[in-house]
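Q: Please see the structure below; I have some questions.
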Amino acid sequence: MLTILFDGIASGMLLFILALGLAVTMGLMNFVNLAHGAFAMAGGYATVLLMQRAGVPFLACLPIAFVLPALLGAVLERTLYRPLYHRPHLDQVLFSIGLTFMAVAAVDYAVGSTQQIVQLPEWLRGRTEIGSGAWTLGMGHYRLFIVAVCLALTVLLQFVLSRTRFGSRLRASVDDQRVAAGLGINVNMVFLSTFAFGCGLAGLGGALGAEVLGLDPTFPLKYMFYFLIVVAVGGTSSITGPLLAALLLGIADVAGKYYIPKMGAFVVYTLMIVILVLRPQGLFVRQGGKA
């Protein structure tokens, strides 16, 4: 039971990092970016290809998996996304879905459709067990590593958003762009940095999740609904809501697949429906203006 709980927490933390960028663009920038999974796939493939073809160590690949999607996101934000900020959400959805299918086709053509294998370092392949009997806690070293990395990122993000000047400028830009610009805040640069950072987080999540979730060209399509569920259930007002939602969904997903494997993702969707019926706006709702 404890092992299932731990695996669920690890899965939820990974899902949180993967979905956080989408929560940022939807909640803080008021943009529906359904191509978010494509940036996660970019980070995953960057890690796999660097390890397989260039012999780069796994840990050295993680910063690269963050930087490359962040740079790609910055370029696309400046050239393609920015003109759509004030367009209807339907236009944003259609554009980002189209971008997703283009990314899937491009990766399938360039790399192939086979699932990629990540060769983890030896020290991340082991497993530690504590206790005995029904209360045995089995912790895979890699999942423990994922939890540690995601916790560190959560603390860092909370600090940046609540205690730094950039966080204050971002909140001001979200509440009222014209007033923020009148106060001397470069709103466009704030949004560019935020979008790029969210894409970088997605890439890092894709690199971390390649071994757990599997990596192939259909990755953005397979996990798009999980990202949307995290954002819908957790709300988009802060990182607390998506974090709690991701943990709940991760635990429910792992427990459901273990105890009732024939039900598949039914447990996750049932939990989503129950939460949204009780709290239609998500677990946490921000009071104030909108972007």
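Q: Could you give the nm distance between label points at L2 and L94, where each point is 7 Å from its Cα heading toward the beta carbon?
A: The modelled label-to-label distance comes out at 5.5 nm.
Q: Let me make sure I get this right: for the stretch 1-121, a, b and c are the square roots of the gyration tensor eigenvalues over alpha carbons, sorted descending. Under 1.5 in a/c it's rounded, otherwise prolate if a/b > b/c, else oblate. Which is it?
A: Working: a/c = 2.01, a/b = 1.35, b/c = 1.49.
Verdict is oblate for the stretch 1-121.
Q: What longest region of the chain stays clear of trypsin sites (Lys or Arg not before Pro) that DSSP places outside H, G, I, E and B and that have at most 14 other Cβ atoms within 10 Å?
A: The answer is 126-289.
Q: With springs only between Cα atoms under 10 Å, which of G140, G112, G131 fluctuates most in a Gaussian network model of the chain?
A: Comparing G140, G112, G131 in the GNM, the peak value goes to G131.
Q: Also: Going from the alpha-carbon gyration tensor of the stretch 2-219, what semi-axes, largest first and in whole Å, does one get by taking the root of 5 times each eigenvalue? Provide the component values of the computation, followed by the final result.
A: Values: eigenvalues 211, 99, 44 Å².
The answer is 32, 22, 15 Å, longest axis first.
Q: Taking the 0 to 90 degree range and rounding to the nearest ten, how far is the long axis of helix 36-54 tilted relative to the main principal axis of the chain, both from C-alpha atoms?
A: For 36-54 against the chain, the angle is about 50 degrees.
Q: So what are the three principal axis dimensions of the stretch 198-257 from its Cα atoms, in whole Å, longest to shortest?
A: Here the Cα extents, ordered largest to smallest, are 30, 30, 18 Å.
Q: Continuing with this model, one more query. If you split all Cα-Cα distances of the stretch 222-261 into 10 Å bins from zero, what percentages do you get per bin, shortest first?
A: 32, 47, 19, 2
Q: Now, a different point. What distance in nm separates the simple spin-label points at F101 and A54, each placed 7 Å from Cα in the Cβ direction?
A: 3.3
Q: Going by Cα centres, the stretch 33-95 and the stretch 100-174 are how many Å apart?
A: 15
Q: Where the only charges are on Cβ atoms (+1 Lys, Arg; -1 Asp, Glu), what is the dipole of the stretch 2-219 about its Cα centre, to the nearest 20 debye?
A: Working: 12 positive and 10 negative charges, 119 e Å.
The calculation lands at about 580 debye.
Q: According to a simple spin-label model (label point 7 Å from Cα along Cα-to-Cβ), what is the distance in nm between F166 and V277?
A: 4.2
Q: For the chain, set up a Gaussian network in which alpha carbons nearer than 10 Å are linked by springs, and say which option among E122, E77, E211 fluctuates the most.
A: It is E122.
Q: Go ahead and set up a Gaussian network model of the chain, Cα springs under 10 Å, then flag whichever of V187, V155, V24 fluctuates most.
A: V155
FYI, it's all coordinate maths here, none of it is from the lab. Values in this document were obtained by computation on a predicted structure and should not be read as measured data. Glycine also receives a Cβ, built like all others from the backbone with ideal geometry; neighbour counts cover every protein chain displayed.
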